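Asks: What follows is a structure written as structure tokens; I'll ask about it next.
Just so it is clear, none of the values below were taken in a lab; they were calculated from the coordinates. Remember, predicted model here, so these are calculated numbers, not experimental data. Cβ: placed from backbone, ideal geometry, glycine included. Neighbour counts: every protein chain shown.
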Amino acid sequence: MNDRAYALFEEQQTARGINLVEVKASLKALRIETPSWGYGDSGTRFKVFQKAGVPRNPFEKFQDAAEVHRLTGLAPSVAIHIPWDKTEDYGKLRSHAESLGLSIGAVNPNLFQEDEYMLGSVTNADASIRRMAINHLLECVDIAKETRSRDLSLWFADGTNYPGQGHIRNRKRWMQEALEEVYKALNADMRLLIEYKCFEPAFYHTDLADWGMAYNLAQKLGPQAEVLVDTGHHLPGANIEHIVAYLLDERRLGGFHFNSRKYADDDLIAGSINPYELFLIFYQILSARQDGGAEVAESVEHIAYMIDQSHNIEQKIPAMLRSVLNVQTQYAKALLIHLDEVNAAAARNDVLGAEHAVRSAFECDVTPLLHAVREEQGLPLDPMKSYLAGSYGDSILARGKGGASW
Ligand code: LRH
Ligand code: MN
Ligand code: MN
């Protein structure tokens, strides 16, 4: 580590009134879940690209995820998608994960790949298809119990392409009925995370189009239902930080699917297009942790930070490393915001002063801080460089092409 760079950083931050002991403790506690599907082959609606070395089954996906965690110390759990990660024995998958120092994170049911779901799953006008979808959700609750996963992460592709194609209010009620049944099957320590998306694959209406609909449903279901914010699922210009602040204050922010977007649900590497947005999301979270009251502070501890990306043109493991490192960098920068200074400026209506207090943290170079934290944790100072210099990337090439894909 460059001791001089850190000494200078420490001096500057101390002068700004930042407590680096607390900052380091927060950084060491950061956990980012990676998605099993981010390690497999994926593509656009035009083509799925087959890459050499891609995992052939869920067990190998966990091996790759373990490499990301070994190098970064940031990613100890992996979300699974059923049936993409279907296996005979989920207990065996859990032991495998544990043997690698990992745990199984959120279980994601998949209600969009069977022909039956073309016109909807839990909101299909056909009651037998709704039943099939609910049964799949219940199966996923059982899987989550076996994998000791806390969260069932729900995203529905349900929606319509044309006016009149579906009875919107009936579909709203069917959605609620389905989730009520699933909610009842949860253990007391489990959560339903409800994801929303304003478009795609349906383009006229989506049954859970925005955070307000997801929030309303969560409210009706009960305290174990919370909203999941996927950063790619909003209309252009949406203020995601505001949504985050609102949900936090209501104690209904369950977690995130981080990814970057330029135009739509692009699923690009988190922090690659608009890092300031990610920083501002963390600003709202840290602000709520500081002055939102004990209950809000407690709910902040349970936020699930998850990556939801598909790496179509990138190498899978480096793309995942870049993603978790980008999230860590923006979190580190947000930890340097002097919240009292921002609040004091806002209270005296000092618009530019408040904006400066936020932005000045973003403009700090956190490299010395991240190096210091990694050194204290016994991690490589530059995880990406270590990966590229190591042999893991070559060793997996023996898997050949034609691995798991969605
Ligand atoms: C939908 C989504 C949802 C799915 C994942 C693969 O766009 O964000 O979370 O489960 O992509
Ligand atoms: Mn998502
Ligand atoms: Mn998405």
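Asks: Among the chymotrypsin sites (Phe, Trp or Tyr not before Pro) within region 1-101, which fall in a DSSP loop and have no more than 12 other Cβ atoms within 10 Å of their own Cβ?
Replies: Passing both the DSSP loop test and the Cβ count: 46.
Asks: Per the Debye formula with a single identical scatterer at each Cα and no solvent contribution, what log10 I(q)/I(0) holds for region 1-90 at q = 0.12 Å⁻¹?
Replies: Listed by q, the Debye log ratios stand at -0.59.
Asks: Right, here's the next one. Just add up the charged neighbours of residue 369: K/R +1, D/E -1, any other residue whose Cβ is under 15 Å from the Cβ of residue 369.
Replies: Spelling it out: positives minus negatives among the neighbours equals -3.
Asks: Compute, for region 30-336, the length of the dipole vector about the Cα centre, with Cβ point charges of +1 (Lys, Arg) and -1 (Asp, Glu) only. Units Debye, rounded to 20.
Replies: That gives region 30-336 a dipole magnitude of about 240 debye.
Asks: While we're on this one: What Kirkwood Rh does region 265-325 have if only Cα atoms enter the pairwise 1/r average? Answer in Å. Provide the component values of the computation, followed by the final result.
Replies: Numbers: mean 1/r = 0.0753 Å⁻¹.
In region 265-325 this quantity evaluates to 13.3 Å.
Asks: How far, in degrees from 0 to 90, does helix 316-335 lean away from the longest principal axis of the Cα atoms of the chain, to the nearest 10?
Replies: For 316-335 against the chain, the angle is about 50 degrees.
Asks: If you don't mind, another one. So for 93, 370, fewest C-beta neighbours within 10 Å to most, what's the order?
Replies: The fewest-first ordering by Cβ neighbours comes to 370, 93.
Asks: If you wrap a convex hull around the Cα atoms of region 226-268, how much volume per residue is inside, in Å³? Show your work: numbers first, answer last.
Replies: Working: hull volume 2.4 nm³, N = 43.
It comes to 57 Å³ per residue, whole-number rounded.
Asks: Please list, or write none, the lysines whose alpha carbon is within less than 26 Å of the alpha carbon of residue 184, excluding same-chain residues fewer than 8 places away.
Replies: Once the sequence-local lysines are set aside, what remains near residue 184 is 86, 145, 172, 197, 220.
Asks: What value, in deg cm²/dmol to 500, does the helix sum -39500 (n - 2.57) over DSSP H runs of n ≥ 4 give at 222 nm once divided by the residues of the chain?
Replies: Value at 222 nm, helices only, nearest 500: -15000 deg cm²/dmol.
Asks: Quick check of the Kirkwood formula: for region 250-355, what is the inverse mean of 1/r over all pairs of different Cα atoms, in Å?
Replies: 15.2
Asks: Provide, as a two-decimal number, the C-alpha radius of gyration of the chain over 2.2 N^0.38 Å, N being how many residues it has.
Replies: Dividing the Cα Rg of the chain by 2.2 N^0.38 Å gives 1.00.
Asks: So for region 359-399, taking the charge dipole from beta-carbon charges (+1 Lys/Arg, -1 Asp/Glu), which of 393, 373, 360 sits furthest toward the positive end?
Replies: Toward the positive end, the furthest listed residue is 393.
Asks: Still on this structure: Neighbour counts of other C-beta atoms within 10 Å: give me 364, 140 arranged from fewest to most. If you can, show how the numbers build up before the last one.
Replies: Values: 364 18, 140 25.
So the residues, fewest neighbours to most, are 364, 140.
Asks: Region 97-137: Rg/Rh from Cα coordinates, Kirkwood Rh?
Replies: Expressed as Rg/Rh, it is 1.25.
Asks: Can you tell me what the convex hull of the Cα atoms of region 168-303 projects to on average, as an area in nm²?
Replies: 8.5
Asks: Of all the Cα-Cα pairs you can form in region 351-406, what percent are over 17 Å apart?
Replies: 65
Asks: Share of antiparallel DSSP beta bridges in the chain, in percent to the nearest 5?
Replies: In the chain, approximately 15 percent of DSSP beta bridges are antiparallel ones.
Asks: Stick to the Cα atoms of region 280-406, pair each with every other, and give me the Kirkwood hydrodynamic radius in Å at one decimal.
Replies: 17.7
Asks: Taking Cα atoms of region 107-232, Rg/Rh with Kirkwood Rh, to two decimals? Could the numbers behind the result be given before it?
Replies: Details: Rg = 13.6 Å, Rh = 14.4 Å.
Rg divided by Rh gives 0.94.
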